1. Using a 10 Å cut-off around each Cβ, can you sort 242, 268 from fewest to most neighbouring Cβ atoms?
2. So what's the projected area for region 323-383, the Cα convex hull averaged over all directions, in nm²?
3. Based on the inverse mean of 1/r over its pairs of different Cα atoms, what is the Kirkwood hydrodynamic radius of region 137-279, in Å?
4. Give me the distance in nm between label points sitting 7 Å out from Cα along the Cα-to-Cβ direction at residue 402 and residue 561, one decimal.
5. Work out the FRET efficiency for residue 24 and residue 86 from their Cβ-Cβ distance, taking R0 = 22 Å, and round it to the nearest 0.05.
6. Tilt of helix 80-89 relative to the longest C-alpha principal axis of the chain, in degrees (0 to 90, nearest 10)?
7. Once fully extended, how much extra length lies between residue 456 and residue 491, figured as 0.36 nm per residue of separation less the alpha-carbon to alpha-carbon distance?
8. Based solely on its DSSP helices, what 222 nm [θ] is calculated for the chain when runs of n ≥ 4 H residues each add -39,500 (n - 2.57) and the sum is averaged over all residues, nearest 500 deg cm²/dmol?
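Just so it is clear, none of the values below were taken in a lab; they were calculated from the coordinates. Every value quoted in this text rests on a predicted model; they were computed, and no experiment measured them. Neighbour counts run over all protein chains shown; Cβ positions are idealised from the backbone, glycine included.
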């Protein structure tokens, strides 16, 4: 029996703080608990040993609780993301336990609670995510016939960073191909086979970390209702998902798990896409690997088809490229529409050049993921300034696009979608500082003029320098001490410093605050009054700014759907522009078969087409010579 299990056997024997920790740990038995203590996240007992081994931390032992030595390991809170990234990469999950009580008013241990659980499939922080790869959480639910034979496998997968939710149902022998296409980071499965699962069907291995959840999470009726509640609809007919019972069961488990890890509702998951096997060109896992679409046979990112094509200006475009490569549509109209858009971009007039468009795209931030963090109320100040700056850039981008929208329906659709919500832009302009601090706790996040009370508190705090200069000038004149200094430090606050040779000139109203080797430090009633006012103003300003920022996040929630619309349009435009750039740089032209379908050229066979002469016309437009991306 492990130390932690033994330690938890009789909770009453432990100190109050360890009782609190063990209670929280008991709620998250299979997860590492990062327990906040001051400036560190501490781990105890078995968690400490495991973290020390995985993260190369120093394992210490301090005292005992309940008769067992307390093994400890810790990481500094300001560097926690780099440790989380390592653990997630190793397939571990971490419960982040924060102090939510006030130490000054707490009797006994400060109140703490788990605010979120970081798992391989539920990442949203920029530091934990790969810029050019989507991270998917996937749930699997087996469907049986009347004889208890597994006939259908329901899949539901979610990109929590963007809010994209998809469903599919496949035959049991097609699950491996689906998982190879989706590439989930984490797979949810039932923790025990259901009573009629006589075939004991199991999920293929090697496709991501596996997490077991209770069987009842996959209940079809509950899952269908949970899905309807999430999408705010009465039924799923409009999404084509009403008959996908197994997939709905998987979706129910997925939504329940994702919401639990975030400790809140998923406000940005408001749409659903059902994928059908007949919708895309079928590629089995072996074929997909041998084609080296996004990964070489050696497991590297380059050289691959993706690395050749990816000259996207935004990370959103790069992620969409990977999706298109792994989801080649059977319907030729998709390829033709993309070719038409690429041709329009290549034939654009000088005032709307491809280079000008791509230059504007380089100013775009990853607002897809920023929107996801905004919906989860975890967006940081620089996320909001990046969102604001991106919206401000859109008019320039649309001006570049205007000259070519008539030549391609898809570009016209994109142009229409690139209209940001005016009220959102106005709010961000008024509320967010031009160059905000990285964290709210650092201050300087809310713009001046947004809140009069905050401005007043800032004025008091920021005018300290001039007050100290004026006081120093007056005190030198009053005392005749020419080298008298009025200063401040975080330990002793404000003080008047006088060298030892001048202390006989100190007035009666000076009160000694600190003695140094060569000087004395004093404070006067006037300086003490100002100190109380200034330090109080600084603390109140930070508290006010934090409250304003939290209110701002709430005020931005109604614009989530609009932000998602703009993000999707930007990603598609960026990818089409990248295709056009590749076609121009590599001298590619569109090839059309008798059925006017772009020909398929694989990397090992038919050579890519090159333009024969500068005067040759592009039939439907310039094409990327692979059906996956056409």
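1. The fewest-first ordering by Cβ neighbours comes to 242, 268.
2. The number I arrive at for region 323-383 is 6.6 nm².
3. 15.0 Å
4. 2.9 nm
5. E(calc), rounded to 0.05, equals 0.45.
6. Orientation of helix 80-89: about 30 degrees from the principal axis.
7. Going from the current span to full extension adds 10.1 nm.
8. Helix-only estimate at 222 nm: -13000 deg cm²/dmol.
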